[in-house]
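These notes concern the structure reproduced below.
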Amino acid sequence: MSGIAGIVRRLPTGVSVDSLGRMAASIRHRGPDGYGFYVGQRVGFAHVRLGVVDIAGGAQPLTNEDGQIVVTYNGEIYNHPELRRELEQKGHVFRTRSDTEVLVHGYEEWGVNLLDRLNGQFAFAVYDRNTETVFIARDRFGVRPFFYAQRKGALYFGSEIKAILASGEVEASLDRRGLDETFTFWAPRPPRTAFAGIASLEPGTYGILKDGALWLHRYYELDYPEAGAEPVDVVEQLDEIMLRSVGMRMRADVPVGAYVSGGLDSSITASLAASASPHALRSFSVTFDDPQFDESDFQREVAADVGSIHTTAAISQGSIAESFPEVLRHTETPLVRTAPVPMYHLAKLTRDAGIKVVLTGDGADELFLGYDIFKEVSVRRFCLRQPTSLGRQRLLDRLYPELMAQGRGGEFWRRFFLEAGAPNDPLFSHLPRFLLSARAKEFYAPEFKSGLGEIDVLGELRGSLPARYFGWSSLNQAAYLEMTTLLSPYVLSSHGDRMTMAHGVEARFPFLDHRLFEFAAALPTGSRLRGFREKEILRRWASRILPPRIKERRKQPYRAPDAPSFFGPNAPEWVGDHLTADALRRVGVFSPTSVDGLVRRCRAGLATGFRENQAIVAVLSTQLWHHQFLQYGGSTTPLPVRGASVMLTETTPAFT
């Protein structure tokens, strides 16, 4: 794991090592174990390293034997030992044990078709000096980030946007459409970001840059070829894939830990990791002061069952507000929830315990229809077949018992769910979430709203759906939307990569093995969601490794306190500073008058609904983000060349 950055010029005018040094310094948190550079007349690469595989020999950038192929790479190729053996049989000579070198020789042997052979999470750039091309790529599901900008024929890229800005050649400015998408989908949809002219390489995509022109190609497409019936040996197939997926993700030259939430998915990964680990497994969780968010009893139960050495980080409302500015600096995008903040503290706890790598359960809900949104779409369609049936409508109360307990269910919520969209709308499954999140836009300043013009982010999403989408079942359509609008741009980014790598911790995701996705996508939807029983096949299989009380536990959505975190008696000063009328007018996104009413309700403890909680987080995070990146970007001191583990140039002799 690591952070990467680079500059590719159309003409051989030179790449400054100071620019590369600033880019590397801005993302040093991703790679505290070393850094290196490649500096040429057209191409410059920077790399900061988190040593996990081949700690002694895996420094980057790395070249082939004659120095004509140069790579900078972030991620893990889990099947690198198998690929290495195949390449050695074809005559390639390796000088390290690193997975990075598999990319170098794999590109020599297979070119861009190398991507089809990789099992991993990755983002990389390969400079082919023979053809004067640069090959960039990102993994199938977007686990690892890759951002880029094009200016005057040059390409700037990095694992984080701050690396591109640190080059000194790309300025930060707001992308109104990207911000508007954030307040609909919780994050901009790739390739868009909240920064104008800075793009995110889409998952499953590669690019070829030559003579200043960038050509993008999709090498992996999500598909749902749903079968009519389960295979007879379905549980055995799942067993083989899960064991292999976790086993491959335990490959490391450092101990591998596990996150434990108390739910089914992380319990599975922790149990399998404990069985596969040569060390006593270290497990980590967050706990909350507020019992409505806390799952510590279940976490302790899981840790005891798998026999891990368990450590927890206690999260209070005060710690969320205190850490929020630093979290925004890492997410690089406004938010509508505070949920990433506890994950930031969890990663710090993990690193402080000496663990660099953890397994998590992320991805299981998307593959095996675990979220309530999947039950919700089925219930909504069922209700709309007989719209006047109160018995059917009461199923929504059963689906969200916590709303009923808080007095927020009943007829109002039923009407909201049933009137959110027509059943023939291709976005039917997600319209309640999209429309609820979009309520934050009610607080827009009139000038900002008029500047958006006729932007219709939902219409654009409808227009982007692939033709095959319309042949899938409604549940598989919902799964696709969840994978593409939330998993990669939010869960794996603001909630995942950015929080773990803020502390130099690599998260690995056994449920995001592409073989497991393809297995799940081909199952009948009833194998994944049967009535109100989510992840049915996963629970069936999990009986082999988990006790019934854990295997059958109902999913509890992960949440963190939102509005109350910022308006208690010990609220930090920055909250009030960013919510003044002058501060709001200076940024120009939200109306001071509208926000004033929202703030008064928050301070009085009256903002208890989703709409107001998401809106206040949206306002605060936008104000902070604008302050940190657009108003006061600051300067970065370059990492010195003398401290580099690797310093390559066009004339550097080839390694022997």
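The values are calculated or read from the model by the stated rules, or taken from the named source; none is laboratory data. Predicted model, so just to flag it, every value in this text is computed and none were measured. Positions of Cβ are backbone-derived with ideal geometry, glycine not excepted, and every protein chain shown enters the neighbour counts.
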Within region 147-168, restricting to residues that are polar (S, T, N, Q) and assigned to a loop (DSSP other than H, G, I, E, B), the one that is surrounded by the fewest Cβ atoms within 10 Å (Cβ to Cβ) is 167
Might you let me know whether region 603-612 holds any residue that is within 21 Å of residue 166 (Cα to Cα), basic (Lys, Arg) and over 27 Å from the mean Cα position of the chain (by Cα)? no
- Query: Taking the stated definitions as given, is residue 128 under 12 Å from residue 77 (Cα atoms) and of a type in the set (Asp, Glu)?
  - Reply: no
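Looking only at residues in region 187-202 that are surrounded by fewer than 24 Cβ atoms within 10 Å (Cβ to Cβ) and touching a residue at least 60 places away in the same chain (Cβ under 8 Å), which one is nearest to residue 337 (Cα to Cα)? Give the steps one after another, and end with the answer.
Taking region 187-202 first, the residues surrounded by fewer than 24 Cβ atoms within 10 Å (Cβ to Cβ) are 189-192, 196-197, 199, 201-202.
Retained after the next criterion (residues that are touching a residue at least 60 places away in the same chain (Cβ under 8 Å)): 189-190, 201-202.
Details: 189: 17, 190: 20, 201: 24, 202: 23 Å.
Looking at the filtered set, the residue picked out is 189.
In this structure, does residue 576 turn out to be small (Gly, Ala, Ser) and either outside the structural domain of residue 243 (by TED's automatic domain parsing) or modelled with pLDDT under 95 (or both)? Break it down into steps so the answer makes sense when it comes.
Working: small (Gly, Ala, Ser): yes; either outside the structural domain of residue 243 (by TED's automatic domain parsing) or modelled with pLDDT under 95 (or both): yes.
Answer is yes for this residue.
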Of (1) charged (D, E, K, R); (2) touching a strand residue (DSSP E or B) at 6+ places or on another chain (Cβ under 9 Å); (3) surrounded by 18 or more Cβ atoms within 10 Å (Cβ to Cβ); (4) under 24 Å from residue 186 (Cβ atoms), residue 372 fails just (3)
ask   = Residues in region 360-373: is at least one farther than 25 Å from residue 487 by Cα and over 18 Å from the mean Cα position of the chain (by Cα)?
value = no
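Mind telling me which of the residues 620, 648 ends up being farther than 30 Å from residue 178 by Cβ and crowded, with 19+ Cβ neighbours inside 10 Å? Step through it out loud before you land on a result.
Working: 620 fails: farther than 30 Å from residue 178 by Cβ.
So the residue among 620, 648 that is farther than 30 Å from residue 178 by Cβ and crowded, with 19+ Cβ neighbours inside 10 Å is 648.
Every residue, every condition in (1) closer than 26 Å to residue 293 by Cα; (2) small (Gly, Ala, Ser); (3) modelled with pLDDT under 95, yes or no:
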site: 485; (1), (2), (3): yes, no, no
site: 495; (1), (2), (3): yes, no, yes
site: 541; (1), (2), (3): no, no, no
site: 568; (1), (2), (3): yes, yes, yes
For residue 87, are the conditions met, namely being within 29 Å of the chain's Cα centre (by Cα), of a type in the set (A, V, I, L, M, F, W, C) and either under 24 Å from residue 514 (Cα atoms) or not in a loop (DSSP other than H, G, I, E, B) (or both)? no
Take residue 66 and tell me if it is assigned to a helix (DSSP H, G or I) and surrounded by fewer than 23 Cβ atoms within 10 Å (Cβ to Cβ).
no
For helices (runs of 4 or more DSSP H) lying entirely in region 505-570, having 3 or more residues that are out of contact with any strand residue (DSSP E or B) (no Cβ under 7 Å at 6 or more places or on another chain), of a type in the set (A, V, I, L, M) and touching a residue at least 24 places away in the same chain (Cβ under 8 Å) picks out 514-521, 536-542
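When you go through 144, 95 one by one, which is the residue that is part of a loop (DSSP other than H, G, I, E, B), modelled with pLDDT under 95 and not assigned by TED's automatic domain parsing to the domain that holds residue 628?
Numbers: 144 fails: modelled with pLDDT under 95.
Residue meeting the stated conditions: 95.
Output the helices (runs of 4 or more DSSP H) that fall wholly within region 264-345 and possess 2 or more residues being more than 30 Å from residue 626 (Cα to Cα) and touching a Lys or Arg at 6+ places or on another chain (Cβ under 9 Å), or say none.
Where helices (runs of 4 or more DSSP H) fall fully within region 264-345 and carry at least 2 residues being more than 30 Å from residue 626 (Cα to Cα) and touching a Lys or Arg at 6+ places or on another chain (Cβ under 9 Å), they are 264-276, 296-306.
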Residue 524: passes all of (1) crowded, with 24+ Cβ neighbours inside 10 Å; (2) at pLDDT 95 or above; (3) of a type outside the set (A, V, I, L, M, F, W, C) but (1)
Log entry, pairs with first residue in region 478-498 being free of Cβ contacts under 8 Å to residues at least 60 places away in the same chain, second being buried (at least 24 other Cβ atoms within 10 Å of the Cβ) and not aromatic (Phe, Trp, Tyr), beta carbons closer than 8 Å, six or more apart or on different chains, reads 481/429; 481/430
Picked from region 169-186 (must be farther than 15 Å from residue 621 by Cβ and not in a helix (DSSP H, G or I)), the residue nearest to the chain's Cα centre (by Cα) is 175
Any residue at all in region 575-593 that is in contact (Cβ under 8 Å) with a residue 40 or more places away in the chain, out of contact with any Lys or Arg (no Cβ under 8 Å at 6 or more places or on another chain), polar (S, T, N, Q) and assigned to a helix (DSSP H, G or I)? no
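Pick from 134, 126, 112, 102: which is free of Cβ contacts under 8 Å to residues at least 40 places away in the same chain and either not in a loop (DSSP other than H, G, I, E, B) or not assigned by TED's automatic domain parsing to the domain that holds residue 14 (or both)? Steps first, answer last, please.
Details: 134 fails: free of Cβ contacts under 8 Å to residues at least 40 places away in the same chain; 126 fails: free of Cβ contacts under 8 Å to residues at least 40 places away in the same chain; 112 fails: free of Cβ contacts under 8 Å to residues at least 40 places away in the same chain.
After applying the criteria, what remains is 102.
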If you go through 504, 463, the only one that is at pLDDT 95 or above and on the phi > 0 side of the Ramachandran plot is 504
When restricted to 40, 51, the only residue under 30 Å from residue 250 (Cβ atoms) and surrounded by fewer than 24 Cβ atoms within 10 Å (Cβ to Cβ) is 51
By residue number, the members of region 561-581 that are over 13 Å from residue 624 (Cβ atoms), in contact with an Asp or Glu (Cβ under 9 Å, 6 or more places away or on another chain) and of a type in the set (A, V, I, L, M, F, W, C) are 563, 581
If you go through 351, 381, the only one that is assigned by TED's automatic domain parsing to the domain that holds residue 526 and either outside any strand (DSSP E or B) or at positive phi (or both) is 351
For region 187-222 the number of residues that are over 20 Å from residue 492 (Cβ atoms) and assigned to a loop (DSSP other than H, G, I, E, B) is 4
Taking first residues from region 294-311 that are over 20 Å from residue 343 (Cβ atoms) and second residues anywhere that are of a type in the set (D, E, K, R), the pairs with Cβ under 6 Å that are 6 or more apart or on different chains are 309/282
